[in-house]
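The values are calculated or read from the model by the stated rules, or taken from the named source; none is laboratory data. It should be emphasised that the depicted structure is a prediction, and the values quoted were computed from it without experimental measurement. Cβ coordinates were reconstructed from backbone atoms using ideal geometry, including for glycine residues, and neighbour counts include every protein chain displayed. Just so you know, the surface numbers come from the protein's heavy atoms only, side chains and all, with ligands and any DNA or RNA stripped out. Shrake-Rupley method; radii C 1.70, N 1.55, O 1.52, S 1.80 Å.
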Amino acid sequence: MSEQPRRPRKPGKPYRRPQKDPVRILAFEALRAVDERDAYANLVLPPLLRRARENDEGFDARDAALATELVYGTLRRQGTYDAIVAACVDRPLREVDPPVLDVLGLGVHQLLGTRIPSHAAVSASVELARVVLGDGRAKFVNAVLRKVAQDDLDGWLERVAPPYDEDPEDHLAVVHSHPRWVVSALWDSLGGGRAGIEELLAADNERPEVTLVARPGRATTGELLEEEAAVPGRWSPYAVRLSEGGEPGAVEAVRENRAGVQDEGSQLVALALANAPLEGPDRRWLDGCAGPGGKAALLGALAAERGAFLLASEKQPHRAGLVARALDGNPGPYQVIAADGTRPPWRPGSFDRVLVDVPCTGLGALRRRPEARWRRRPEDLDGFAPLQRGLLGNALQAVRVGGVVGYATCSPHLAETRAVVADVLKQHPDTELLDARPLLSGVPDLGDGPDVQLWPHLHGTDAMYLTLIRRTA
């Protein structure tokens, strides 16, 4: 954003040009892209960081880390910070320009969510405002942030969050920065209890680890563990975690497509389907919602070990291209097609194993995509419902008698998990549920079954859901 025209200054006060801070300007640009273009921070930030490194020799790894923290921290805590800013301004937040709110959010996060000294946080934010907003609005930013700096986060939460005893959902929404309806939905999925929901909401606001997958037959965990920042995964035999500061792009096996970035919950879903007991042959597998390709690449490698063929289908052509890149170099036979799983081109009963990781609200991955919590609405569930039921119903038709279907979502919302399965199975009495829990060997706290719900606060994974269904007739 260009600078505002200079304004006349009083005698004795020469104009001082604002100091451009590349880290905070980059963070501001990322937040504007998220707001204006509905972009995702995990897609916007890498090219901005790459451009900064190319254009500024002084922009180093510490600068990149600070910019990343400012962007993700501001997005994760947006609900909390908005409540605090609202208490410091004399107008509704909807009447404050969005770019001003972004600068304020960055400033509040530095004041209340980092170890940056208060005077430095205010000063840097005001300088940012002068560069991207102009001197007039910089004065407004300065006045608001000085009010915010008068208390710490705990003090502010006591002031702006309603008491838990009076309104528990709204209290948790403000304290843990989630929309109220999301708090309610997650609480229902957990089954009640204050401790569990507080732990889950807190986990959603933590920075997730980067997890790699060693694709069988192409890479080993031993190879990945030779990396300086690498430690073993918790549950998947193919998982390796990168400790803070680990860069996936620096790993040779990742650059060569022999390994990839994949959450451990996603790996467990693919492994459970691959290891589910079958009746009859095990030669043809289908990933019916394959984009962007992480599960397909793991399934393809596992299928290759057994001499099985994988068909990876994805409706969106550009996402099918991502799947093709993920599977490139797979040691066994596979094919990638762009096709609609609700109107499939394959014949009924063609496959032995079928996975449908259906489109959903993504409420299970709020650690990785914090902006999603502010974009989703309860009515989005109505839009996904017919698609989810259609994909599962067609998956059950695609599998042969004795074969297995895995229904997965990256959302724990009951309307996207058990409700979908229950409704579809009413139309398919020729099926039976399999207990998925034994297929996640060593993973604790999997509930009563037969389905599986993973949780960030219990398992350190995204909140992946899985049901396994066998076709019986």
Would you tally the residues in region 160-187 being of a type outside the set (A, V, I, L, M, F, W, C) and outside any loop (DSSP other than H, G, I, E, B)?
7
Which numbered condition Gln388 misses (of (1) in contact (Cβ under 8 Å) with a residue 40 or more places away in the chain; (2) among the polar types (S, T, N, Q); (3) buried (at least 22 other Cβ atoms within 10 Å of the Cβ)):
(1)
Suppose we keep only residues that are charged (D, E, K, R) and more than 21 Å from the chain's Cα centre (by Cα) within region 205-237. Which one would you say is surrounded by the fewest Cβ atoms within 10 Å (Cβ to Cβ)?
Glu228
Residues that are under 30 Å from Trp187 (Cβ atoms), at least 1 per element: which helices (runs of 4 or more DSSP H) completely within region 276-387 meet that?
294-305, 372-375
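Being open to solvent by less than 10 Å² (accessible area, probe 1.4 Å), farther than 19 Å from Leu363 by Cα and either touching a Ser or Thr at 6+ places or on another chain (Cβ under 6 Å) or among the β-branched types (Val, Ile, Thr) (or both) is the filter here; which residues of region 399-420 pass it? Please lay out each step first, then the result.
Just the residues of region 399-420 that are open to solvent by less than 10 Å² (accessible area, probe 1.4 Å), to begin with: 399, 402-409, 411-412, 416-417, 420.
Narrowing further to those that are farther than 19 Å from Leu363 by Cα: 399, 402-406.
Selection gives Val399, Val404, Val405.
How many residues are open to solvent by less than 10 Å² (accessible area, probe 1.4 Å) and more than 13 Å from Gly300 (Cα to Cα) when one looks only at region 272-287?
Our first condition is that a residue be open to solvent by less than 10 Å² (accessible area, probe 1.4 Å); within region 272-287, this holds for 272-274, 276, 285-287.
Next, from what is left, pick out any that are more than 13 Å from Gly300 (Cα to Cα): 272, 276.
Here the count works out to 2.
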All positions within region 445-473 that are open to solvent by 50 Å² or more (accessible area, probe 1.4 Å) and under 20 Å from Gly233 (Cα atoms):
Asp445, Leu458
Return a yes/no flag: does region 19-42 have any residue that is modelled with pLDDT under 90, open to solvent by 20 Å² or more (accessible area, probe 1.4 Å), more than 16 Å from Glu371 (Cβ to Cβ) and out of contact with any strand residue (DSSP E or B) (no Cβ under 9 Å at 6 or more places or on another chain).
yes
Check off (1) open to solvent by less than 50 Å² (accessible area, probe 1.4 Å); (2) part of a loop (DSSP other than H, G, I, E, B) for Val240 and give me the number that stays unchecked.
(2)
Counting just the residues of region 430-441 that are open to solvent by 60 Å² or more (accessible area, probe 1.4 Å), modelled with pLDDT of 95 or more and not aliphatic (A, V, I, L, M), which one comes out farthest from Leu391 (Cα to Cα)?
Pro438
Would you confirm whether or not region 72-79 contains a residue that is in contact (Cβ under 8 Å) with a residue 60 or more places away in the chain and either polar (S, T, N, Q) or more than 18 Å from Arg207 (Cα to Cα) (or both)?
yes
Which members of region 415-437 meet the condition of being under 32 Å from the mean Cα position of the chain (by Cα) and under 20 Å from Gly402 (Cβ atoms)?
Val421, Val424, Leu425, Glu432, Leu433, Leu434, Asp435, Ala436
Out of (1) at pLDDT 95 or above; (2) within 23 Å of Leu271 (Cα to Cα), the odd one out for Pro345 is which?
(2)
Expected single match for in contact (Cβ under 8 Å) with a residue 60 or more places away in the chain and either open to solvent by 60 Å² or more (accessible area, probe 1.4 Å) or of a type outside the set (Ser, Thr, Tyr) (or both) among Gly293, Gly321, Gly364 is Gly364
Residue among Glu416, Glu432 that is in contact with a helix residue (DSSP H, G or I) (Cβ under 7 Å, 6 or more places away or on another chain) and among the charged types (D, E, K, R):
Glu416
Among the numbered criteria (1) part of a helix (DSSP H, G or I); (2) touching a strand residue (DSSP E or B) at 6+ places or on another chain (Cβ under 9 Å); (3) over 26 Å from Val405 (Cα atoms), which one does Leu200 miss?
(2)
Taking Ala195, is it in a helix (DSSP H, G or I), exposed (fewer than 13 other Cβ atoms within 10 Å of the Cβ) and among the aliphatic types (A, V, I, L, M)?
yes
Hits in region 324-351 - residues which are of a type in the set (Val, Ile, Thr) and either surrounded by fewer than 18 Cβ atoms within 10 Å (Cβ to Cβ) or under 18 Å from Gly403 (Cβ atoms) (or both)
Ile337, Thr342
